[in-house]
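Please treat every number below as a calculation from the coordinates, not as lab data. These numbers were taken from a predicted model, which means no experiment stands behind them. Here the Cβ is made from the backbone with ideal geometry for all residues, glycine too, and neighbour counts use every protein chain on show.
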Protein chains: 4
Amino acid sequence: MGKIIAEVTVVPLGTASTSLSVYVAEVEKVLREFPGLKSLLTPMSTILEGELAEVLTAVQAMHEAPFRMGALRVSTTLRIDDRRDREITMEGKLAAVKRKM
Amino acid sequence: MGKIIAEVTVVPLGTASTSLSVYVAEVEKVLREFPGLKSLLTPMSTILEGELAEVLTAVQAMHEAPFRMGALRVSTTLRIDDRRDREITMEGKLAAVKRKM
Amino acid sequence: MGKIIAEVTVVPLGTASTSLSVYVAEVEKVLREFPGLKSLLTPMSTILEGELAEVLTAVQAMHEAPFRMGALRVSTTLRIDDRRDREITMEGKLAAVKRKM
Amino acid sequence: MGKIIAEVTVVPLGTASTSLSVYVAEVEKVLREFPGLKSLLTPMSTILEGELAEVLTAVQAMHEAPFRMGALRVSTTLRIDDRRDREITMEGKLAAVKRKM
């Protein structure tokens, strides 16, 4: 099975502060335990590239991070792009769009 | 660990037809293998209620359904609502909103 | 131009409480100002059916509701399903899937 | 009213090909008509920074692009992050997370 690209956003709800970067930083640190995944932090999400099973394991670990910091409710969003006619990579997708512009 | 509520949408890309209901039906049928999950089909998604680990296993199975039917690219979206200060259920969430309206 | 179906979720961030139903109720009430839209409240979102321009106006009004209640940060998610080869309705989409199951 | 950050993904459904980059390129080109918006193309979305009203106008124009190219069904996803206690920018959000890692 090939690699997929996924986009993940983990947001704690009902924290007293509107600033969430301290939580996002902790969620990002979880990815250090997943050296098989390539990751890219954007202003709205984390993009992951790797095997689907490993991505799902990582998402579950990322989802736990805010709870460990005291959050009582977490909203996690995941979007998976899985193409099986040929390999997709983060770089390949970006390059294909830029070539056509 | 308590139950979570999740919303799942599985969409095949690059199918010849704009009609996707035959794929959605197949994705729904996968849920018969997960009797521990409560599910609700809406016009835009499937909502699931159950343990997080079982929901993730179900989502992976739902994501495979269009590939088995010949699709070559699938986009799957998942949003998890996980609240640990008290139990959440699909019915409870709806009832709480309606009470306040 | 025909009708589209859209799914909307409006979530305040950094509220002190994990309970958000009081905000969701206020967001729902905004829809009373849009009698041209059909709406369906689900445990994870509000589904709207109507003209794209009116849906976007409603989403902007829904997005403002938590701010009026004192929220300082709001995350709003919208997914639009727009099909132009034939009309789509909430009921039609559900019926098509159920027929095929 | 201050600036918001939004994430947009426009996907045509029922195109014969699994390759969508030609559509994504066309969607990106639409942004040239919106010089007031800052934009960032990621492997999974386009991130926009600007006034909410202008972002919504741009999203509507982006959503039309695949139809002009012959697509008959388009799925557009938008997520808005709107913070009113202080200004948010794409750069500021990323910098805040990186500082905390």
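The table for this structure:
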quantity: Per-region count, region D:61-101, residues surrounded by fewer than 15 Cβ atoms within 10 Å (Cβ to Cβ), over 29 Å from C:ASP81 (Cβ atoms) and in contact (Cβ under 8 Å) with a residue 24 or more places away in the chain; calculated: 2
quantity: Any chance D:GLU54 is surrounded by fewer than 21 Cβ atoms within 10 Å (Cβ to Cβ) and touching a Lys or Arg at 6+ places or on another chain (Cβ under 7 Å); calculated: no
quantity: Whichever residue in region C:48-89 is within 7 Å of chain D (Cβ to nearest Cβ) and in contact with a Phe, Trp or Tyr (Cβ under 7 Å, 6 or more places away or on another chain) and, among such residues, is farthest from C:LYS3 (Cα to Cα); calculated: C:VAL74
quantity: Unique residue being in contact (Cβ under 8 Å) with a residue 24 or more places away in the chain and either under 27 Å from A:VAL11 (Cβ atoms) or not in a strand (DSSP E or B) (or both) when the list is C:ALA58, C:ALA25; calculated: C:ALA58
quantity: Selected residue [part of a loop (DSSP other than H, G, I, E, B) and within 22 Å of A:GLU87 (Cα to Cα)] from D:THR15, D:THR9; calculated: D:THR15
quantity: Region D:14-34 - residue that is of a type in the set (A, V, I, L, M) and either within 14 Å of chain B (Cβ to nearest Cβ) or in contact with a Pro (Cβ under 6 Å, 6 or more places away or on another chain) (or both) and, of those, farthest from D:GLU49 (Cα to Cα); calculated: D:ALA16
quantity: When residues of region C:1-13 are limited to those that are within 14 Å of chain A (Cβ to nearest Cβ) and under 18 Å from C:ILE47 (Cβ atoms), the one surrounded by the fewest Cβ atoms within 10 Å (Cβ to Cβ); calculated: C:VAL11
quantity: Residue ID - farthest from D:SER45 (Cα to Cα), chosen from residues in region D:61-78 that are part of a helix (DSSP H, G or I) and among the charged types (D, E, K, R); calculated: D:ARG68
quantity: Meets criteria (surrounded by fewer than 20 Cβ atoms within 10 Å (Cβ to Cβ) and of a type in the set (D, E, K, R)) for A:LYS29; calculated: yes
quantity: Residues of region C:28-55 that turn out to be part of a loop (DSSP other than H, G, I, E, B) and β-branched (Val, Ile, Thr), as a count; calculated: 1
